[in-house]
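*Asks:* Handing you a structure now.
The values are calculated or read from the model by the stated rules, or taken from the named source; none is laboratory data. Keep in mind it's a predicted model, so treat the numbers as computed, not measured. For neighbour counting, all protein chains shown are included, and Cβ atoms are generated from backbone atoms with ideal geometry for every residue, glycine included. Protein only, heavy atoms only, side chains kept; ligands, DNA and RNA dropped before computing areas. Shrake-Rupley method; radii C 1.70, N 1.55, O 1.52, S 1.80 Å.
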Amino acid sequence: MNTVHDMGGMDGFGPIQREADEPVFHADWERRMFALSFGIAVSVQTDDDHFRREVESIPPVTYLKSSYYELWYRACQAILARHGVLDAGKPLGLVPALTAAQVGPMIEGGASTRMPAEGIAARFTVGDAVVARNMNPTGHTRLPRYARGKRGVIRANRGVFSFADSKARGDGPAPQHLYTVAFTAAVLWGHEGRTGQTKICLDLWDAYLDPA
Amino acid sequence: MAKQPHGHHHAPHDHAEGSALPEIVTRVRALEDLLVEKGIVDRAALDRIAETYETAIGPRNGARVVARAWSDPAYKQRLLSDATAAIAELGYRGLQGENMVVVENTPDVHNMIVCTLCSCYPWPVLGLPPVWYKSAPYRSRSVKDPRGVLAEFGVTLPAETELCVWDSTAEIRYMVLPMRPASAAGRNEAELAALVTRDGMIGTALL
């Protein structure tokens, strides 16, 4: 989805605003919203890919005007609406609410998207020259615009993972190899990138790449 | 989204109808009440989640990892070859740290991490990210003008130092292993951990 969340390389946002001794949350509602998103993810059984898709679907003007946890509020509302949770009556098919005793194990257990590698061939090996595809899907993708069509080198194979684009569409995990691909700043940014030796490394799935 | 055209200074009559709270505050409260009523979330669990990230999970965890790596060459090797397992040796694991990679700063290479698409960050070792990390200025500029970004943080790298920016676009979460500062000589592991800053582990500060 080509919208404002894909910010890499944009100009005009101004200097970085830092805050000394920043608290973890700036208001109680942020703290509640953060925790609510966990509870919703467990009960509705959604995942990060769906959550990110909803954040990216927020209209660009609203996205830029909203604080971080306001975006989370809107994304959670969208997920709840999609699952009919906001409708009158008790929704069916939800997992029981997470209990306080389950919180620690849930956080420690994580939610890895790594999948078995058996039978899934790697198309590339470290050192291979690749080109990131020039693709512009209207759905969720993790290939930023600034790398599309650009030539890089495979720096590492991170193993097999479920594929965010497919999962966010509801088309299943489509497991495939995930690579770290190194691009030079000059390739990505032309003349403006020629300031010293600079590389930008992105983690890209097999389906984003072609041999160079 | 929060409609507060008059900033923080409210005339008394603004409170008369009980509507002086920012809209987002009342909306989140209403959402929580609704989800509790429907049995989708449990308030005690919500408290536990927030408290965990306020008290137990934060950059002091990462600092302990760095201090161990500075003190124990064998641990450092394990950290650089299988960061997830090495970090778990110290008890840190889980959400947003399931697949970790640690990148080492050296005199020749400086690393920094960003997530241009959202806010990916290695929670088990660094906690939740600061606002600036999630902000448009950092996300937009870190990949195009990383040396300019570092300059805003007061970091100037030698021209010959390679800069490597890790854009966390997928399932890997990165942490920077900063160079051990000269002031580290003769210190024990706990003292070393006190020298390690969050920004040093993001790569926007030198120690």
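*Asks:* Longer than 19 Å from Cα to Cα, which of A:Lys150/B:Lys144; A:Lys150/B:Lys134; A:Lys150/A:Lys199; A:Lys65/A:Lys167 are they? Say none if no pair is.
*Replies:* A:Lys150/B:Lys134; A:Lys65/A:Lys167
*Asks:* Further, regarding this structure: Relative to the longest principal Cα axis of chain A, at what angle does helix A:28-44 sit, 0 to 90 degrees, rounded to 10?
*Replies:* 90 degrees
*Asks:* Sticking with this structure for a sec: Under 10 Å, Cα contacts only: if you run a Gaussian network model on chain B, which one of B:Asp145, B:Asp72, B:Asp42 comes out with the highest mean-square fluctuation?
*Replies:* Between B:Asp145, B:Asp72, B:Asp42, it is B:Asp42 that shows the largest mean-square fluctuation.
*Asks:* Does anyone have the angle between helix B:23-37 and the longest principal axis of chain B? Alpha-carbon axes, 0 to 90°, nearest 10?
*Replies:* 90 degrees
*Asks:* While we're looking at this one, here's another question. Carbon and sulfur together cover what percent of the accessible area of the range A:90-158 at a 1.4 Å probe radius?
*Replies:* Carbon and sulfur: 57 percent of the exposed surface of the range A:90-158.
*Asks:* Using a Gaussian network model of chain A whose springs link C-alpha atoms within less than 10 Å, name the residue from A:Gly159, A:Gly89, A:Gly139 with the highest mean-square fluctuation.
*Replies:* For chain A, modelled as a Gaussian network with Cα springs under 10 Å, the answer is A:Gly89.
*Asks:* Taking each pair of different alpha-carbon atoms in chain A once, compute 1/r for the pair, average those values, and report the inverse of that mean as the Kirkwood hydrodynamic radius in Å to one decimal.
*Replies:* 19.7 Å
*Asks:* Angle, helix A:68-82 long axis vs. longest principal axis of chain A, Cα atoms, 0 to 90°, nearest 10?
*Replies:* Relative to chain A, helix A:68-82 is tipped by roughly 70 degrees.
*Asks:* If a cysteine in chain B has no other Cys Cβ under 4.7 Å from its own Cβ, put it on the list, ordered by number.
*Replies:* B:Cys118, B:Cys164
*Asks:* If one computes the Cα centroid of the range A:45-71 and of the range B:84-146, what distance in Å separates the two points?
*Replies:* If we compute the Cα centre of each part, the gap is 20 Å.
*Asks:* At a probe radius of 1.4 Å, figure out the A/B buried accessible area, summed over both chains, and give it in Å² to the nearest 100.
*Replies:* Buried surface at the A/B interface: approximately 7100 Å².
*Asks:* Using the heavy atoms of the protein chains and a 1.4 angstrom probe, tell me the accessible area per residue for the protein assembly as shown in square angstrom.
*Replies:* On a per-residue basis, the protein assembly as shown sits at 43 Å².
*Asks:* Rg to Rh for the protein assembly as shown: what is it, with Cα atoms only and Rh by Kirkwood?
*Replies:* Ratio of gyration radius to Kirkwood radius: 0.96.
*Asks:* Next question. With all protein chains present, how much of the accessible area of chain B (probe radius 1.4 Å) comes from carbon and sulfur, to the nearest whole percent?
*Replies:* The computed percentage sits at 54.
*Asks:* At a cut-off of 40 Å², which residues of the range B:127-152 become less accessible once all protein chains are present than in their chain alone, using a 1.4 Å probe?
*Replies:* B:Leu128, B:Val131, B:Trp132, B:Lys134, B:Ala136, B:Pro137, B:Arg139, B:Ser140, B:Val143, B:Lys144, B:Arg147, B:Glu152
*Asks:* Ok, one more. What does the accessible area of B:Phe153 come to, in Å² to the nearest 10, when a probe of 1.4 Å is used?
*Replies:* Number for this one is 30 Å².
*Asks:* Counting only DSSP beta bridges with both residues in the protein assembly as shown, what percent are antiparallel, rounded to the nearest 5?
*Replies:* For the protein assembly as shown, the DSSP antiparallel bridge percentage is about 55.
*Asks:* Net charge within 15 Å of A:Ala81 by Cβ-Cβ distance, Lys/Arg positive one each and Asp/Glu negative one each, not counting A:Ala81 itself?
*Replies:* +3
*Asks:* What are the residues whose amide H is under 5 Å from the amide H of A:Arg158, where those residues sit 5 or more places off or on another chain and H is modelled from the backbone?
*Replies:* A:Leu178, A:Tyr179, A:Thr180
*Asks:* So, one more: Could you give me the radius of gyration and the Dmax of chain B, taking only the C-alpha atoms into account and expressing both in angstrom?
*Replies:* Considering chain B through its Cα atoms, Rg and Dmax are 20.8, 66 Å.
*Asks:* Give me a single rounded figure for A:104-113: the average over its residues of other chain Cβ atoms within 10 Å of their Cβ.
*Replies:* For peptide A:104-113, the averaged partner shielding equals 6.
*Asks:* Which one, B:Leu195, B:Leu21, B:Leu150, has the greatest fluctuation when you compute a Gaussian network model over chain B with C-alpha springs under 10 angstrom?
*Replies:* B:Leu21
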